[in-house]
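S.K.: Can you read through this structure? Questions will come right after.
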Amino acid sequence: MNGGAFIRRAVILAAGKGTRMGAIAHETPKPMLPILGKPMLEHILERLAAAGFDRFLIVVGYRHEVIEQHFQNWPLPIEFRVQDPVNGTGSATRLAKDFADREPFLLTYADILCDAAEYTRCSRILQEQGAAAAVLAVKGVDDPWQGAAVYEENGRIREIIEKPPIGASTTRWNSAGFYAFRPVLFEYLDRIRPSTRNEYELTSALDLMLEDGLDLRISPIAGDWRDVGRPEDLAAMNTAQSPL
């Protein structure tokens with residue numbers, strides 16, 4: 001992406017409490033939990049910068065002042081939006097509309113670590129597939145029951161099933177937690193309704209886009225990737241010689 005990057009803006013969703021982390025996230029926001037002496041969120045920002053992104057929006061919520069203070073003098077421009085109430089990834093993403101400014105952007109959750117090259121690949125697929133409205137990074141797994149099962153044909157997404165039952169999926173693709181979007185996404189975010197968890201979910205907007213026949217593509221993870229969602233994931237990262 002360096003040298004005339006197609007996408008320069010990146011959005012990081014970092015508002016949640018990190019309940020799966022248990023007590024270690026009670027005082028420290030989950031994105032600020034340390035990995036090898038540096039907040040997880042800082043690792044993400046550095047990798048996005050290495051991929052050519054140079055403008056950032058972080059959607060914050062729980063203990064947002066801790067995040068804002070830590071990054072107030074970061075070398076590249078960072079904007080913050082406070083999600084209040086913290087009621088889902090869809091409503092969090094809507095806060096990025098002005099930041100996106102009718103341009104394509106990359107969006108990632110704040111507990112996903114991957115090689116910088118994965119951000120580049122996802123963005124390039126959006127650029128190369130000119131009719132695509134979105135590109136979802138996907139990770140090959142034995143059974144995507146813990147995440148979202150992504151069904152595709154020749155790289156084009158047919159269906160996304162959130163939290164499928166164990167053993168029920170016939171696809172090995174699991175949503176990898178980051179995306180490249182065109183601004184048409186915001187039209188669909190305006191249409192979503194609360195889920196069964198009474199939250200406004202980003203996946204609800206993706207479902208509406210698929211129902212309307214929009215072109216959504218996959219970007220398979222080829223390098224290192226980690227969902228740092230639980231204490232054991234964090235512990236594994238901190239005993240490694242490098243963040244991945």
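S.K.: What's the number of the condition Glu152 fails, among (1) part of a strand (DSSP E or B); (2) out of contact with any Lys or Arg (no Cβ under 9 Å at 6 or more places or on another chain); (3) among the acidic types (Asp, Glu)?
M.R.: (2)
S.K.: Please state which one of Ser219, Ser195, Ser242 is buried (at least 18 other Cβ atoms within 10 Å of the Cβ) and either in contact (Cβ under 8 Å) with a residue 24 or more places away in the chain or among the small types (Gly, Ala, Ser) (or both).
M.R.: Numbers: Ser195 fails: buried (at least 18 other Cβ atoms within 10 Å of the Cβ); Ser242 fails: buried (at least 18 other Cβ atoms within 10 Å of the Cβ).
That would be Ser219, the only listed residue that is buried (at least 18 other Cβ atoms within 10 Å of the Cβ) and either in contact (Cβ under 8 Å) with a residue 24 or more places away in the chain or among the small types (Gly, Ala, Ser) (or both).
S.K.: Still on this model: Which of the residues that make up the range 164-192 are in contact with a strand residue (DSSP E or B) (Cβ under 7 Å, 6 or more places away or on another chain), touching a residue at least 24 places away in the same chain (Cβ under 8 Å) and in a loop (DSSP other than H, G, I, E, B)?
M.R.: Result: Ser169, Thr171, Arg172, Arg182, Val184.
S.K.: Tell me, yes or no, whether the range 20-38 has at least one residue that is touching a Lys or Arg at 6+ places or on another chain (Cβ under 6 Å), touching a residue at least 60 places away in the same chain (Cβ under 8 Å) and surrounded by fewer than 23 Cβ atoms within 10 Å (Cβ to Cβ). Reasoning before the result, please.
M.R.: If we filter the range 20-38 for residues that are touching a Lys or Arg at 6+ places or on another chain (Cβ under 6 Å), which is where we start, we get 20-21, 29.
Okay, now just the ones that are also touching a residue at least 60 places away in the same chain (Cβ under 8 Å), so 20-21.
Cutting the leftovers down to surrounded by fewer than 23 Cβ atoms within 10 Å (Cβ to Cβ) gives us 20-21.
Yes, there is a match, as at least one residue in the range 20-38 is touching a Lys or Arg at 6+ places or on another chain (Cβ under 6 Å), touching a residue at least 60 places away in the same chain (Cβ under 8 Å) and surrounded by fewer than 23 Cβ atoms within 10 Å (Cβ to Cβ).
S.K.: In the range 65-127, which strands (runs of 3 or more DSSP E) lie fully inside it and hold 1 or more residues that are in contact (Cβ under 8 Å) with a residue 12 or more places away in the chain and farther than 22 Å from Gly229 by Cα?
M.R.: In the range 65-127, 78-82, 105-109 are the strands (runs of 3 or more DSSP E) which contain 1 or more residues that are in contact (Cβ under 8 Å) with a residue 12 or more places away in the chain and farther than 22 Å from Gly229 by Cα.
S.K.: For the range 116-160, name all the residues that are among the acidic types (Asp, Glu), surrounded by fewer than 23 Cβ atoms within 10 Å (Cβ to Cβ) and within 28 Å of Arg8 (Cβ to Cβ). Please lay out each step first, then the result.
M.R.: Residues of the range 116-160 that are among the acidic types (Asp, Glu), as a first pass: 118, 128, 142-143, 152-153, 159.
Keeping just the survivors that are surrounded by fewer than 23 Cβ atoms within 10 Å (Cβ to Cβ) gives 128, 142-143, 152-153, 159.
Within the range 116-160, Glu128, Glu152 meet the criteria.
S.K.: Same structure, new question: Could you check how many residues of the range 194-244 are closer than 19 Å to Ala15 by Cβ, in a loop (DSSP other than H, G, I, E, B), modelled with pLDDT of 90 or more and of a type in the set (D, E, K, R)?
M.R.: Final tally of qualifying residues: 2.
The values are calculated or read from the model by the stated rules, or taken from the named source; none is laboratory data. The shown structure was predicted, so the numbers you read here are calculated from the model rather than taken from an experiment. Neighbour counts are summed over all protein chains in view; Cβ atoms, including those assigned to glycine, are modelled from backbone coordinates with ideal geometry.
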